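Q: One structure follows; several queries about it will come next.
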Amino acid sequence: MTATSKPAFSPQEIAAEGLKPEEYAEIVRRLGRHPNKAELGMFGVMWSEHCCYKNSRPLLKQFPTDGPRILVGPGENAGVVDLGDGLQLAFKIESHNHPSAVEPFQGAATGVGGILRDIFTMGARPIALLNSLRFGSLEDPKTQRLFSGVVAGISHYGNCVGVPTVGGEVYFDSAYSGNPLVNVMALGLMETSEIVKSGASGLGNPVLYVGSTTGRDGMGGASFASAELSDQSIDDRPAVQVGDPFLEKSLIEACLEAFKTGAVVAAQDMGAAGITCSTSEMAAKGGVGIELDLDKIPVREMGMVPYEYLLSESQERMLFVAHKGREQELIDIFHRWGLQAVVAGTVIADPIVRILFQGEVAAEIPAEALAENTPLYNRELLAEAPEYARQAWEWTPDSLPECTTAGIELQGGLQSWNDILLTLLDTPTIASKNWVYRQYDHQVQNNTVMLPGGADAAVIRLRPLEDNKGARGQGDKETLNAQSGVAATVDCNPRYVYLDPYEGAKAVVAEAARNLSCVGAEPLAVTDNLNFGSPEKPIGYWQLAEACRGLAEGCRELATPVTGGNVSLYNETFDSQGIPQPIYPTPVVGMVGLIPDITKICGQGWQAVGDVIYLLGLPLASQISLGASEYLATIHDTVAGKPPRVDFELERRVQKVCREGIRNGWVRSAHDSAEGGVAIAIAECCLAGNLGAEINLEIAPTQLNRLDEVLFAEGGARILVSVASAQQEIWESYLQEHLGQEWQKLGVVGNFETGLGVFTTDNQTLIKVSIEDMNDRYFHAIARRLAIHTTTSER
């Protein structure tokens, strides 16, 4: 049957491909005929939000994408930045949310595999992984199953493929009960002399299919990722891919070896939409066409039809365009690594994707119609904030009980500040994620300088695997032994973004940069993962649009251009009554920074008894609201107020002072004040260093009835640092010169037995807790909840 003989489809068949009636009409108009089944499937996946960003593309245009270090920006498989000394870093973040909700182990595992392919497709060797995860309440058995499965999937793939998982973040909130978020970020160091791009070129050049075989797994995964989850989503398990990390390891080595031959013109991994996406994107970016014969594709299942070939998302597969006459050279490399490699097609002049099957044309579509000239929806933005936000903004601290130095009166009676501190440390979102990262191999490749849990950002030594002069200009032994490093972090406080998407998104960028500055790294660039609900609903689109506006402003203010990323919309769960429950808007920012000398970095733990503790940023006498805080949500079960506003001028000054303090050897530890405020930050520094602290707070009379604001309010561009007493004079002189009044001395580091003591200047005790008690709450919070569930289940 030829591509022209297929009749029209029913509305149900069209909807099953994720297409709207008006989109189908546009397809017919462009083709001048009705599509056949295979073509309909191709349009369904390529016109999904996951592939074409039809609701978000207009908003993404406001992101800054240029900068002196940017070598590759949005539009390729990954962004690339110049680190100096001939070193180039590829990095990107991607989501695998819906697959992980249905099949947590494979969903998360193949998310890792997919982002790694984005990196080595550019010609870069993967050197590190990070992840940003969101789940429902950890008290919920379903959440525990999803959480355990996702962590197991990430550790399985990353550990087996030999790439260290060096950092990340995990939040728990009932907003994610039915729709967890699994965002994975990867970094790679360029090994090839030229960055490998994806645009096909050279008429008559052969198109090679390399890697694994094609099966029916992952069918229509892109469309599945662009729809809300429902009680029936469990039936979509075939839309979840199955990964093989050992095969991917071979694929990494084979691809990098192939790229170094100079025989590869262009490369594209087969991720979402598989063969459909790789052929159409390579053709469209190169302004040419591709003809591909499905009979040449290595398969793992019998009886597959074109629709299945084209929509399969079987993992560990790539598409290459090779220089004519050099295809056998490449095939031999892949065969040596035990991988499939066949010439499956040709670059043609007509700018179309032509698919052949059993000697006939199975599909024929203009490449641009699939990959570039896709639907675009400019939706109307609400004229004012929605009612939920306006109501939340009316909250004031006056609704809370008054405080005393003894604590705060809650429904269960008086809660001391010790009780409040320990409760917050036991909150899974704040508590140590050691249960998670101990399952990850974070030291493979032997370049991890800062281990998970030790600092505000991951730090990786930049040590190229081999001396490839072409990849680094005039590479030599000096370059190979360079002491430079790269820092990376992933951040997002979703409660901030929910309550005020614009301010909340600015805070995401500021916190990411602050985390990098706390290890001594200069923030360079951003990759973002926009996780939102349905953009077709006014509130959902308002959240998305306002958050994009905030991200764009934050990236401009902190000179961290966006090099690419991922958009994941329709993160909503239909409950049994058919009511959609959206997640909190969660624009995750992955940020990378440069460390000139990895011997001049620091972690978050106190280093020595007697070191002096300082707070950089707004002093505690400055009133900051408890709005949107972890304290308000956990202790008072209230999600309300406005998140703290970002003062970018102050952020820039505080972060620079912190970086310079580290590089000059003055600052011995640094940790930003985030969830839980300054009190939690101090406790975390004690726990990381296994040392105590004696803190003396100068409390203004007007603050006495709101001591919780002093202890647990968030924001203020605040960073806690410790400095050796011998450096105190030069450090304070530097602070006075560069921060004026926006710093204060808080106290001194004590020994383990001292514990944490927080006192007022008139010697009233606010907090006095032992390291043992904090340890127990902080380091065992997650394991304790999982153990309780396991014990209950066994009974």
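The values are calculated or read from the model by the stated rules, or taken from the named source; none is laboratory data. All values derive from a computational prediction rather than experimental measurement. Cβ sites come from the backbone with ideal geometry, for glycine too, and all protein chains shown count toward neighbours. Areas reflect the complete protein model, heavy atoms only, side chains present, ligands, DNA and RNA absent. Shrake-Rupley method; radii C 1.70, N 1.55, O 1.52, S 1.80 Å.
Q: Calculate how many DSSP beta bridges within region 666-795 are antiparallel, expressed in % of all such bridges and rounded to the nearest 5.
A: Working: 13 of 18 bridges.
Antiparallel bridges make up about 70 percent of those DSSP assigns within region 666-795.
Q: Let me ask something additional. Nearest 10 degrees is fine. How inclined is helix 327-336 to the longest principal axis of the chain, computing both from alpha carbons?
A: Value to nearest ten degrees: 60.
Q: Once phi is turned into θ = phi - 60°, what whole-Hz ³J(HN,Hα) does the Karplus curve with 6.51, -1.76 and 1.60 give for every residue of region 65-74, x standing for Gly and Pro?
A: Karplus-based 3J(HN,Hα) across region 65-74 equals 10, 10, x, x, 9, 7, 9, 9, x, x Hz.
Q: Could I ask something else about it? So if each residue of separation counts as 0.36 nm, and I subtract the Cα-Cα distance between residue 434 and residue 145, what length gain in nm does that give? Numbers along the way, then the final one.
A: On the way: separation 289, 0.36 × 289 = 104.04 nm, distance 1.78 nm.
The residue 434-residue 145 span can extend by a further 102.3 nm.
Q: Kindly write out, for region 256-262 in residue order, the coupling ³J(HN,Hα) from the Karplus curve 6.51 cos²θ - 1.76 cosθ + 1.60 (θ = phi - 60°), rounded to whole Hz, with x marking Gly and Pro.
A: Couplings: 5, 5, 5, 4, 5, 6, x Hz.
Q: Further question on the same structure: For a quick check of understanding: with a 1.4 angstrom probe and all protein chains in place, what accessible area in square angstrom does residue 761 have, to the nearest ten?
A: Spelled out: residue 761, probe radius 1.4 Å, area about 90 Å².
Q: Same structure, new question: Note down the magnitude of the dipole of the chain about its Cα centre, charges +1 on Lys and Arg C-beta and -1 on Asp and Glu C-beta and zero elsewhere, to the nearest 20 debye.
A: Working: 61 positive and 99 negative charges, 291 e Å.
About 1400 debye.
Q: A further question on this structure: Solvent-accessible area of residue 255, probe 1.4 Å, all protein chains present, reported in Å² to the nearest ten, please.
A: Rounded to the nearest 10, the figure is 0 Å².
Q: Peptides 352-365, 698-711: what's the order by average Cβ count within 10 Å, highest mean first?
A: Values: 352-365: 20.4, 698-711: 17.3.
The peptides rank, most packed first, as 352-365, 698-711.
Q: Just report the Cα centroid separation between region 394-462 and region 305-338, whole Å.
A: 47 Å
Q: Using the charge dipole of the chain (Lys, Arg: +1 at Cβ; Asp, Glu: -1 at Cβ; taken about the Cα centre), state which of 731, 271, 566 has its Cα farthest towards the positive end.
A: 271
Q: Let me ask something additional. Where Rh is the Kirkwood radius over the Cα pairs of the chain, the temperature 37 °C and the viscosity 0.692 mPa s, what D in µm²/s does Stokes-Einstein return?
A: Numbers: Rh = 27.2 Å.
My calculation gives 121 µm²/s for D.
Q: Please list 47, 337, 435 from largest to smallest accessible area, probe radius 1.4 Å, with all protein chains kept in place.
A: Values: 47 0, 337 95, 435 70 Å².
Output order, biggest surface exposure first: 337, 435, 47.
Q: Across region 555-561, in residue order, what do the Karplus-derived ³J(HN,Hα) couplings come to in whole Hz, using 6.51 cos²θ - 1.76 cosθ + 1.60 with θ = phi - 60° and x for Gly and Pro?
A: After applying 6.51 cos²θ - 1.76 cosθ + 1.60, I find 5, 5, 5, 9, 6, 10, x Hz.
Q: Round to a whole angstrom and tell me the spacing of the C-alpha centers of region 1-74 and region 80-109.
A: First find each Cα centre; the distance between them is then 24 Å.
Q: Would you check the accessible area of residue 600, probe 1.4 Å, heavy atoms only, in square angstrom rounded to 10?
A: Around 100 Å² of this residue is reachable by solvent.
Q: Would you calculate a helix-derived [θ] at 222 nm for the chain, using -39,500 (n - 2.57) for each DSSP H run of n ≥ 4 and dividing by the full residue count, to the nearest 500? Numbers along the way, then the final one.
A: Numbers: 27 runs with 277 residues, N = 795.
Using -39500 (n - 2.57) per qualifying helix, the result is -10500 deg cm²/dmol.
Q: Related question: For the full complex of protein chains and a 1.4 angstrom probe, list 122, 219 by accessible area with the highest value first.
A: On the way: 122 0, 219 45 Å².
Ranked list, largest accessible area first: 219, 122.
Q: Here is a follow-up. At 0.36 nm per residue, minus the direct Cα-Cα distance, what do residue 623 and residue 702 gain on full extension? Give it in nm, one decimal, please. Present the calculation step by step, with values, prior to reporting the outcome.
A: On the way: separation 79, 0.36 × 79 = 28.44 nm, distance 0.97 nm.
Contour length minus Cα-Cα distance gives 27.5 nm.
Q: Please report the equivalent ellipsoid semi-axes of region 639-732, computed as sqrt(5 x eigenvalue) of the Cα gyration tensor, largest first, in whole Å. Could the numbers behind the result be given before it?
A: Working: eigenvalues 118, 62, 36 Å².
After diagonalising the Cα gyration tensor, the semi-axes are 24, 18, 13 Å.
Q: What is the magnitude of the charge dipole of region 647-795 about its Cα centre, with +1 placed on the Cβ of each Lys and Arg, -1 on the Cβ of each Asp and Glu, and no other charges, expressed in debye to the nearest 20? Numbers along the way, then the final one.
A: On the way: 14 positive and 22 negative charges, 83 e Å.
In debye, rounded to 20, region 647-795 gives about 400.
Q: Further, regarding this structure: I need the peptides 439-446, 408-415, 160-167, 256-263 ranked by packing, meaning the mean over residues of other C-beta atoms within 10 angstrom, with the highest value on top.
A: Numbers: 439-446: 16.2, 408-415: 12.2, 160-167: 24.9, 256-263: 19.0.
Per-residue mean Cβ counts within 10 Å order the peptides as 160-167, 256-263, 439-446, 408-415.
Q: Which entries of 260/324; 142/433; 92/433; 92/197 have Cα-Cα distances beyond 21 Å here? If you can, show how the numbers build up before the last one.
A: Working: 260/324 16 Å; 142/433 19 Å; 92/433 23 Å; 92/197 15 Å.
Distance filter (> 21 Å) returns 92/433.
Q: Out of every Cα-Cα pair in region 257-324, what percent are more than 19 Å apart?
A: Numbers: 820 of 2278 pairs.
Roughly 36 percent, once rounded to a whole number.
Q: Report the label-to-label distance for residue 57 and residue 300 in nanometres (one decimal), using points 7 Å from each Cα along the Cα→Cβ vector.
A: So the two model labels end up 3.3 nm from each other.
Q: State, to one decimal in nm, how far the label point of residue 537 lies from the label point of residue 382, with both points 7 Å from Cα in the Cβ direction.
A: That separation, rounded to one decimal, is 1.1 nm.
Q: Any idea of the accessible area per residue across the chain, 1.4 Å probe, to the nearest Å²? Write out the running numbers ahead of the final one.
A: Values: 27700 Å² over 795 residues.
Per residue, the chain has an accessible area of 35 Å².
Q: Along the Cα→Cβ direction, 7 angstrom out, place labels at residue 729 and residue 242. What is the inter-label distance in nm?
A: That separation, rounded to one decimal, is 7.1 nm.
Q: What's the FRET efficiency of residue 741 with residue 30 using the Cβ-Cβ distance as r and R₀ = 56 Å, to the nearest 0.05?
A: Details: r = 63 Å, r/R0 = 1.13.
Approximately 0.30, to the nearest 0.05.
Q: With a 1.4 Å probe and all protein chains left in place, how much of the accessible area of the chain comes from carbon and sulfur atoms, in whole percent?
A: Details: 13480 of 27700 Å².
Answer for the chain is 49 percent, counting heavy atoms of protein chains only.
Q: Just to confirm my numbers, what's the Cα centroid distance between region 142-200 and region 724-769 in Å?
A: For region 142-200 versus region 724-769, the Cα centre distance is 38 Å.
Q: Please say if region 345-455 is rounded, prolate or oblate, where rounded means a/c under 1.5 for a ≥ b ≥ c the square roots of the C-alpha gyration tensor eigenvalues, and otherwise the choice is prolate for a/b larger than b/c and oblate otherwise? Walk me through the intermediate numbers first.
A: Numbers: a/c = 4.71, a/b = 1.84, b/c = 2.56.
Because a/c hits 1.5 or more and a/b fails to exceed b/c, region 345-455 counts as oblate.
Q: Among rounded, prolate and oblate, which fits region 1-153 when a ≥ b ≥ c are the square roots of the eigenvalues of its C-alpha gyration tensor, a/c under 1.5 means rounded, and a/b larger than b/c means prolate?
A: oblate
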